[in-house]
Amino acid sequence: MSRSVELLVIALALSVSAPVMAASEEIQVYLDDLTPRGRFGSDLHTNYVLSGPREPEYSGALPSHHLFRFTPEFYYGLTETVELGLYLLTTVAPGAVAHYEGEKLRLKYIAPHDEQSGSFWGVNLEVGKTGRRVSEVPWNAQLKGIYGFRSGPWTVGFNANLDGSLAGSPASPVSLEFDTKVAYEARRGLQIGFESYNELGPLRDLGRLNTLSQMLYGVIDAEVSKKVGINAGIGRGLNAASDRWVAKVIVGIQY
C-alpha cells in the first residue's frame, strides 16, 4: 500500500479502538467472496460511533453515542458455493463497560459465476440470539439477497435485507433494508468507493425514510497480503434518525 493509504487505515483503526438506530455489529455490503471448500477464515468487525444519539432507542438499549462494537466472525467453506459462519457480538460502552451480546449463525450461498467480470448473485441467512442491550427481541433472523456485477475496474453490489423476530416479546414486523456498494480499483489490491445503508421500514408501511437510519460511507478496500484484507470507512448519517458519524474497520484473514 502507498504511504497515504497506510496512514488512512491506521487513523481509522485508532479511531475505533477508543472506548434513533445504532451501528450494527457488521457494517458490510455482501459481494461474492467465499472461503474455499475445506478452509477457514475470519473477519474482525469493529465500529465506533463518533457522534450519535445519547438517549436509548428503547428501554434497556445502549445509547449509540461513543459505543464501540467488536464482532469476531469465523467461517468455513462447506462446498464450492456454500459457506457457514458464526458471529460473536460484543460492545464497549462509555466508561469501558464491556458486554458479551450473543451470537449469530449464518449460511451463505453464491451461485457459480465468472469472478473477474459479469454479474453474480446469492443469498445469506442469519439466525441469532442477542441481548436486550443491542436488540429489542432476543431471537431474530435476516434473509439477505445478494446481487452485483464487475466491469473493468468497477464493482457494484446490492443487498436487500429482510429482518424479523423469531420469538420473544415484543414481536417485530418484518422490515426491509437496502444496501449498496460501488468500488473503483485505483490500482491492483486497492479499491476506493462508497457504501450506503438504507432502512426502508416495515413491509406493511415502507417509505418513512426521515424516521429511519440512512448512512453513507466513504470506504477503501486494501489487500495487505494474499491472506489479509482491510475494509475501512467513515460514515455520515443523512438524517436525524441516524448516527451522525461512524468509523468502521473490518480485517479479513484467510487461513
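FYI, it's all coordinate maths here, none of it is from the lab. On a predicted model such as this, the values are computed, not experimentally measured, just so you know. A quick note on method: Cβ atoms are made from the backbone with ideal geometry, for glycine too, and the neighbour counts reach across all protein chains shown.
A few notes on this one:
- 3J(HN,Hα) couplings calculated from phi for segment 132-137 with the Karplus curve 6.51 cos²θ - 1.76 cosθ + 1.60 (θ = phi - 60°) are, in sequence order, 5, 4, 10, 8, 6, 10 Hz; Gly and Pro show x.
- Positive-end residue, the chain charge dipole about Cα centroid, Cβ charges, pick of A183, G218, V97: V97
- 13 Å beta-carbon shell around G148, net charge (K/R +1, D/E -1): -3
- Structure-derived Cα extents along the principal axes in Å: which label, when the choices are (1) 47, 37, 34; (2) 63, 42, 32; (3) 45, 41, 32: (1)
- Sequence ranges 87-94, 109-116, ranked by mean other-Cβ count within 10 angstrom, highest first: 87-94, 109-116
- Those GluC sites (Glu not before Pro) in segment 51-81 that DSSP places in a loop and that have at most 14 other beta carbons within 10 Å: E80
- Whole-number Å³ per residue for the convex hull built on Cα positions in segment 106-243: 142 Å³
- Using a Förster distance of 22 Å, the FRET efficiency for D205-E103 (Cβ separation, nearest 0.05): 0.10
- Centre separation in Å (Cα based) which lies between segment 186-252 and segment 73-122: 16 Å
- In the chain, the calculated helix contribution to ellipticity at 222 nm averages -1500 deg cm²/dmol per residue, counting -39,500 (n - 2.57) for every DSSP H run with n ≥ 4.
- Subset of K108/K227; K104/K226; K144/K181; K144/K227; K129/K226; K108/K181 violating a 22 Å alpha-carbon distance limit: K104/K226; K144/K227; K129/K226
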